[in-house]
Amino acid sequence: MNELREVEVLVIGAGQAGLSSAYHLRRAGFEPDRGFVVLDHSPEPGGAWQFRWPSLTYGKVHGMHTLPGMELADADPARPSAEVIGAYFDRYEHAFDLRVRRPVSVRAVREGDGGRLLVETSDGTSDVTWSPRALINATGTWEHPFWPRCPGQETFRGRQLHTAWYAGPEEFAGQRVVVVGGGASGTQHLLELAPYAAATTWVTRRPPVFREGPFDADAGRAAVALVEERVREGLPPRSVVSVTGLPLNDAIRRGLADGVLDRRPMFDRITPDGVEWRDGSRVDADVILWATGFRASLGHLSPLRLRAPGGGIRVEGTRTVADPRIHLVGYGPSASTVGANRAGRAAVRDIRRLLAEGRPAAA
């Protein structure tokens, strides 16, 4: 039996973006259950953090901004970040009575009647269709890892895995590992597993850009503006890190000095025993680790036809241009912990105005 439930605002996702949005809905006077509902696909509190590898301790986390209204105090830097942030998110949900429902899968978002949306969901035992007047999508990217295709990939006799399934450096002991990707996760994994592996090779599509000196507020705003311009034009967002470059910290300096971060260009094909370049050079490998990032998890929004010809969704602030009821928080320029906090507040402010005006449906 499929039950139909009405609600004013539905929030999909309970990571930083979703919890921030729920907090601001609470402050704006929306009550849990009838005023707003938060759905989360993950089994526990913590958003994507709960899936981070155990060796990523809280002390190694860069740029974690606390949620609005509650500081994360006295965190043990030696504890895994998954434990620290998961426990923090759990306390936050209870402190502000956000009543997150999990695990719930959102199958599709469709047009409903009377200016409402229809959101089809399942918790594994029962199906519920929610009928909100507005929707905040805060699904992030963790569930949509990007795995590029390469000639010969299916012939490789070793192991291939994406960084989403990286569990720690010990599993690579004595193996020859090719790490593909020039972002933060690629360099972190490479530096961490190199002491365990028999050999490592770093491959990136573009030459890495290392950033010297402090990253001040002006530089941050400029970087976010570049990402924001892409989503405004309806292009798929690039990460803020792709614009800012990699910070040249002590670990990176050591990796450059000892040759671990000796980058090679992208190979042309994968062979049964490794990878090969057009000039005939090759590297034998037991493992290929794809640290190639993630894409926004937006497949459930497909029935609404929000995508622009450029392949992305045009967004002004957090509001999708094609439908003012739909807000994307944690997408593009707000895909950072501090950005998600600000975007959650902005989305709620815009939704309050929309519902007060009683405007119908899509623009």
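The values are calculated or read from the model by the stated rules, or taken from the named source; none is laboratory data. Worth saying up front: this structure is predicted, and the values here are computed from it rather than measured. When we count neighbours, we look across all protein chains shown, and the Cβ atoms used for this are built from the backbone with ideal geometry, even at glycine.
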Where residues in the stretch 315-348 are out of contact with any His (no Cβ under 7 Å at 6 or more places or on another chain) and at pLDDT below 85, which of them is farthest from ARG133 (Cα to Cα)? SER336
Can you find a residue that is free of Cβ contacts under 8 Å to residues at least 12 places away in the same chain and not basic (Lys, Arg) anywhere in the stretch 23-30? yes
Hey, does the stretch 45-65 have a residue that's part of a loop (DSSP other than H, G, I, E, B), of a type in the set (Gly, Ala, Ser) and surrounded by fewer than 19 Cβ atoms within 10 Å (Cβ to Cβ)? yes
So which of GLY339, GLY332, GLY344, GLY293 is surrounded by 21 or more Cβ atoms within 10 Å (Cβ to Cβ), in contact (Cβ under 8 Å) with a residue 60 or more places away in the chain and in contact with a Phe, Trp or Tyr (Cβ under 6 Å, 6 or more places away or on another chain)? GLY293
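Okay, residues lined up against (1) among the hydroxyl-bearing types (Ser, Thr, Tyr); (2) in contact with an Asp or Glu (Cβ under 7 Å, 6 or more places away or on another chain); (3) surrounded by 12 or more Cβ atoms within 10 Å (Cβ to Cβ):
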| residue | (1), (2), (3) |
| --- | --- |
| LEU248 | no, yes, yes |
| LEU256 | no, no, yes |
| GLY259 | no, no, no |
| ASP262 | no, no, no |
| ILE270 | no, no, yes |
| ASP279 | no, no, no |
| ILE288 | no, no, yes |
Can you tell me how many residues in the stretch 180-192 are in contact with a strand residue (DSSP E or B) (Cβ under 9 Å, 6 or more places away or on another chain) and closer than 18 Å to ALA257 by Cβ? 2
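Go through the stretch 28-44 and give me each residue that's of a type in the set (A, V, I, L, M) and in a strand (DSSP E or B).
Looking only at the stretch 28-44, we keep the residues that are of a type in the set (A, V, I, L, M), and these are 28, 37-39.
Across the stretch 28-44, the qualifying residues are VAL37, VAL38, LEU39.
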Inspect the stretch 120-131 for any residue being touching a residue at least 60 places away in the same chain (Cβ under 8 Å), charged (D, E, K, R) and not in a strand (DSSP E or B) and give the result as yes or no. no
Hey, any hits in the stretch 80-87 for a residue that's within 14 Å of GLY18 (Cα to Cα) and among the hydrophobic types (A, V, I, L, M, F, W, C)? no
